[in-house]
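The values are calculated or read from the model by the stated rules, or taken from the named source; none is laboratory data. Note that the structure is predicted; figures quoted are calculated from it, not measured. Here the Cβ positions follow ideal geometry from the backbone for every residue, glycine too, while neighbour counts run over all protein chains shown. These accessible areas exclude ligands, DNA and RNA; they are computed on the full protein's heavy atoms, side chains included. Shrake-Rupley method; radii C 1.70, N 1.55, O 1.52, S 1.80 Å.
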Amino acid sequence: MPDLGSPTGSRQLLECRVALVGGDRRLASHWVGALNSTAAQHENPLGLRFESVARSAVEKLLLREPKVQALIVDGGCDQHSLSAAEELVDHLHGVRTQLNVFLVVQGCAVSVSVRQRFDELFDRREGNFNQVFRLVQAFIARRASTPFADTLKAYVFNARDAWHTPGHSGGDSLRNSPWVGDFYRFMGEHVFNTDLSVSVQVLDSLLEPHSVIQEAQELAAHTFGARHTFFLTNGTSTANKVVIQQILGGGGKIIVDQACHKSVHHAIVMNRCEPVYLKSTLHPKFGIYGPVRREDIFRALEEHGDARLLVLTSCSYDGLRYDLKPIIDRAHKCGVRVLVDEAWYAHGYFHPELRPTALESGADYVTQSTHKMLSAFSQASMIHVQDAEFDEFRFRENLNMHASTSPQYVMIASLDVARKQMAMEGFGRLQQCMQMVRTLRQAVDDTGVFRTLTCADLIPDPLRGDNIRLDPTKVTIDLSASGFSGREMQIKLFDRYGIQVEKTTYNTVTVLVTLGSTESKLLRLIHALKQLAVNRRTRALGVVSRCLPAFTRLTCLPADAYFAETEELPLMDNGVRADRQLVGRTSADEIVPYPPGIPVLVPGQEISVEIVQFLRQLLQGQTAEEIHGLMFRSDEPMLRVVREEVLRELNTASGAR
């Protein structure tokens with residue numbers, strides 16, 4: 001419920017439009033008039049305003065007017081009219097998922113399946129419009145509630161004395177310090193007085209929720225379309241590890257996109273999984289890796305009937321997303337559960353142009369970085385579950401193994417608030433994002449130097465028939481004609497114009513259009529790009545395609561390699577000797593160049609000549625690329641490899657089993 005007790009709250013003029021949908025003009029006129037009269041006579045903090053709309057016009061109204069928050073659907077007096085109302089509501093759910101929907105009906109029995117589609121039922125002969133008004137208001141207020149954030153705020157404003165952790169005690173340890181008081185003033189008092197601990201029982205426990213956190217998670221499950229939702233304060237990296245441990249703790253076969261987030265590779269090691277790696281596709285011109293071919297996923301499912309989990313990323317960092325339903329249906333037919341990493345797609349459920357999401361497509365588990373595209377703080381994430389065989393007790397134990405016993409409560413509050421925002425204004429805010437995307441794309445293309453890449457531009461040829469789609473909020477700009485590399489453009493935008501982009505490749509930059517994008521920021525970005533287009537270089541940028549070397553093979557389980565006795569071998573040396581020492585050996589670590597963040601080596605993988613040469617080229621190149629997993633001894637790059645005698649023992653033991 002909005003806080004209308006404070007001066008700030010009283011200035012926030014909310015407006016919630018409620019549309020009565022039907023063909024009976026007499027009923028519509030009577031109900032709308034009576035409800036608006038009731039609203040004028042009662043407390044109306046949500047600004048409820050009632051209106052009527054014909055069934056043929058309701059979809060246009062929902063797409064045009066984000067302030068519509070509820071529908072009252074006239075189901076008529078017979079079964080035929082009721083069935084038509086059901087079909088209409090099912091269709092409108094595909095347009096706006098978060099609306100409260102009420103049914104007005106008379107003279108026919110309402111089945112359980114029909115009842116589940118609606119928040120509440122009203123009789124067409126209803127005369128107590130005070131009751132109707134209160135029920136509509138209560139359901140919308142419930143959706144607008146933030147049970148945890150409200151409790152946290154109330155606790156802080158009650159100004160309790162703290163004789164518990166954390167040691168700064170609401171910031172009192174810093175406030176008057178001549179040495180660190182400036183940090184307190186910079187951060188602000190609420191950063192410290194909301195940093196509390198599990199000692200404050202009224203704030204519930206993230207690891208064993210039973211009150212306000214549990215209530216907030218139930219609201220999130222309803223908002224995002226899941227059976228269960230769990231909050232995390234240490235990111236989607238942990239979310240992926242928890243889900244994989246839930247399905248494969250102790251070992252088992254997992255089918256996974258080679259280009260998945262490194263947290264999945266870590267979970268494979270931690271849980272002694274046997275991975276089946278799916279090859280990602282590459283767009284050679286832009287150096288952008290895309291999804292796995294559907295045909296390759298289907299083949300892996302057929303060839304590995306003992307696999308227990310399929311892990312896919314949708315959408316990718318660059319916005320490419322699978323047509324998930326046929327893939328998930330095939331996996332389920334093969335008895336394989338599906339985890340979809342939607343770290344970059346938490347907003348997808350709230351706009352018809354972005355649906356269907358992974359949950360709507362049947363995924364068993366979905367992990368989301370609520371902080372990436374929505375309004376939560378960094379590290380704030382969610383796990384959504386709809387696995388029919390979900391073991392909640394075991395899941396909580398797996399979650400507790402990874403989660404901190406001292407979570408940041410302000411992160412939990414931000415998850416609660418981010419959920420509320422999407423439930424109440426997600427569609428409208430995303431409409432604004434879509435308009436900004438259209439404006440940005442047109443302005444960039446009008447420069448005649450830069451151009452925005454479409455879905456067709458970004459999809460590698462092997463994916464042409466897979467119905468791959470693009471999240472338009474990820475805008476990738478081709479710089480090839482300007483003569484600027486991605487890194488050069490990133491520096492120019494930052495140094496000259498104070499603009500930080502999301503990512504780069506050799507010849508592209510990508511910007512994100514999020515709920516936090518504003519018209520002023522858009523204006524400044526367009527101005528900067530126009531200026532840089534005028535100052536382009538006379539020579540266009542050459543094409544540099546650097547393909548990751550082919551995946552070789554696993555000589556042992558990744559976990560066996562990672563924890564085995566190892567030796568360190570130089571990568572550079574004098575060339576010939578290093579090749580002779582490294583080629584054919586088994587890597588003990590995950591080696592990941594960033595960008596693009598795809599492993600060149602995973603633990604247990606055989607090292608090839610191509611891999612050695614590729615890593616050397618990166619180290620000798622002029623661009624400063626990060627390579628995670630390399631060791632340096634006195635500035636000399638080293639690879640950790642499994643000792644050969646240990647590998648023989650591992651293979652002998654594996655053969656014996």
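Summary of values
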quantity: Residue, surrounded by the fewest Cβ atoms within 10 Å (Cβ to Cβ), within the range 604-628, restricted to residues that are at pLDDT 90 or above and touching an Asp or Glu at 6+ places or on another chain (Cβ under 7 Å); calculated: V609
quantity: A226 vs. criteria closer than 28 Å to A376 by Cβ, part of a loop (DSSP other than H, G, I, E, B), at pLDDT 95 or above and aliphatic (A, V, I, L, M); calculated: yes
quantity: Flag for R142 being out of contact with any Pro (no Cβ under 8 Å at 6 or more places or on another chain), modelled with pLDDT of 95 or more and open to solvent by 20 Å² or more (accessible area, probe 1.4 Å); calculated: yes
quantity: Test: E519 is under 29 Å from the mean Cα position of the chain (by Cα) and loosely packed, with under 14 Cβ neighbours inside 10 Å; calculated: yes
quantity: First in the range 561-572 and among the aliphatic types (A, V, I, L, M), second anywhere and at pLDDT 95 or above and in a strand (DSSP E or B), Cβ under 7 Å, 6 or more apart; calculated: A561/T586; A561/S587; A561/V642; A564/V642; L569/V641
quantity: Test: residue in the range 426-449 that is surrounded by 17 or more Cβ atoms within 10 Å (Cβ to Cβ), assigned to a loop (DSSP other than H, G, I, E, B) and β-branched (V, I, T); calculated: yes
quantity: From the options F148, F118, residue that is surrounded by 15 or more Cβ atoms within 10 Å (Cβ to Cβ), out of contact with any Pro (no Cβ under 7 Å at 6 or more places or on another chain) and farther than 21 Å from E215 by Cβ; calculated: F118
quantity: Qualifying residue in the range 139-154 (condition: more than 30 Å from M411 (Cα to Cα), among the aliphatic types (A, V, I, L, M) and not in a loop (DSSP other than H, G, I, E, B)); calculated: no
quantity: Qualifying residue in the range 232-250 (condition: in contact with a Pro (Cβ under 7 Å, 6 or more places away or on another chain), open to solvent by less than 20 Å² (accessible area, probe 1.4 Å) and in contact (Cβ under 8 Å) with a residue 12 or more places away in the chain); calculated: yes
quantity: The range 59-114, subset open to solvent by 30 Å² or more (accessible area, probe 1.4 Å) and in contact with a Leu (Cβ under 7 Å, 6 or more places away or on another chain), residue farthest from Q421 (Cα to Cα); calculated: C108
quantity: Filter result for F224 (open to solvent by less than 30 Å² (accessible area, probe 1.4 Å), under 26 Å from R469 (Cα atoms) and either in contact (Cβ under 8 Å) with a residue 60 or more places away in the chain or hydrophobic (A, V, I, L, M, F, W, C) (or both)); calculated: yes
quantity: Any hit, the range 480-499, residues being part of a loop (DSSP other than H, G, I, E, B) and either touching a Gly at 6+ places or on another chain (Cβ under 9 Å) or among the charged types (D, E, K, R) (or both); calculated: no
quantity: Residue that is modelled with the highest pLDDT [pool: residues in the range 518-562 that are in contact with an Asp or Glu (Cβ under 8 Å, 6 or more places away or on another chain), of a type in the set (A, V, I, L, M) and in a loop (DSSP other than H, G, I, E, B)]; calculated: L557
quantity: Positions within the range 284-308 being surrounded by fewer than 23 Cβ atoms within 10 Å (Cβ to Cβ), at pLDDT 95 or above, within 18 Å of A259 (Cβ to Cβ) and in contact with a strand residue (DSSP E or B) (Cβ under 8 Å, 6 or more places away or on another chain), in sequence order; calculated: R293, D296, I297, A300
quantity: Per-region count, the range 122-132, residues out of contact with any strand residue (DSSP E or B) (no Cβ under 7 Å at 6 or more places or on another chain) and buried (at least 16 other Cβ atoms within 10 Å of the Cβ); calculated: 1
quantity: Residue count, the range 457-479 (criterion: open to solvent by 10 Å² or more (accessible area, probe 1.4 Å) and in a helix (DSSP H, G or I)); calculated: 3
quantity: Hey, P209 surrounded by 12 or more Cβ atoms within 10 Å (Cβ to Cβ) and in a loop (DSSP other than H, G, I, E, B) or not; calculated: yes
quantity: Residue match in the range 184-200 (condition: in contact with a His (Cβ under 7 Å, 6 or more places away or on another chain), in a helix (DSSP H, G or I) and within 30 Å of L310 (Cβ to Cβ)); calculated: no
quantity: Residue check, Q500 surrounded by fewer than 19 Cβ atoms within 10 Å (Cβ to Cβ), in contact with a Phe, Trp or Tyr (Cβ under 6 Å, 6 or more places away or on another chain) and not β-branched (V, I, T); calculated: yes
quantity: Pairs with Cβ under 6 Å, 6+ apart, first in the range 13-24 and within 14 Å of S56 (Cβ to Cβ), second of a type in the set (V, I, T); calculated: A19/V53; A19/V68; V21/V53; V21/V58; V21/V73
quantity: So L374, is it open to solvent by 10 Å² or more (accessible area, probe 1.4 Å), within 13 Å of A221 (Cα to Cα) and hydrophobic (A, V, I, L, M, F, W, C); calculated: no
quantity: Positions within the range 333-347 being buried (at least 24 other Cβ atoms within 10 Å of the Cβ) and either out of contact with any His (no Cβ under 9 Å at 6 or more places or on another chain) or among the polar types (S, T, N, Q) (or both), in sequence order; calculated: L339, V340, W344, Y345, H347
quantity: Candidate set from the range 155-183 (those that are in contact (Cβ under 8 Å) with a residue 24 or more places away in the chain and part of a helix (DSSP H, G or I)); member that is nearest to Q214 (Cα to Cα); calculated: Y155
quantity: Among residues of the range 467-495, those that are more than 22 Å from the chain's Cα centre (by Cα) and among the charged types (D, E, K, R), counted; calculated: 5
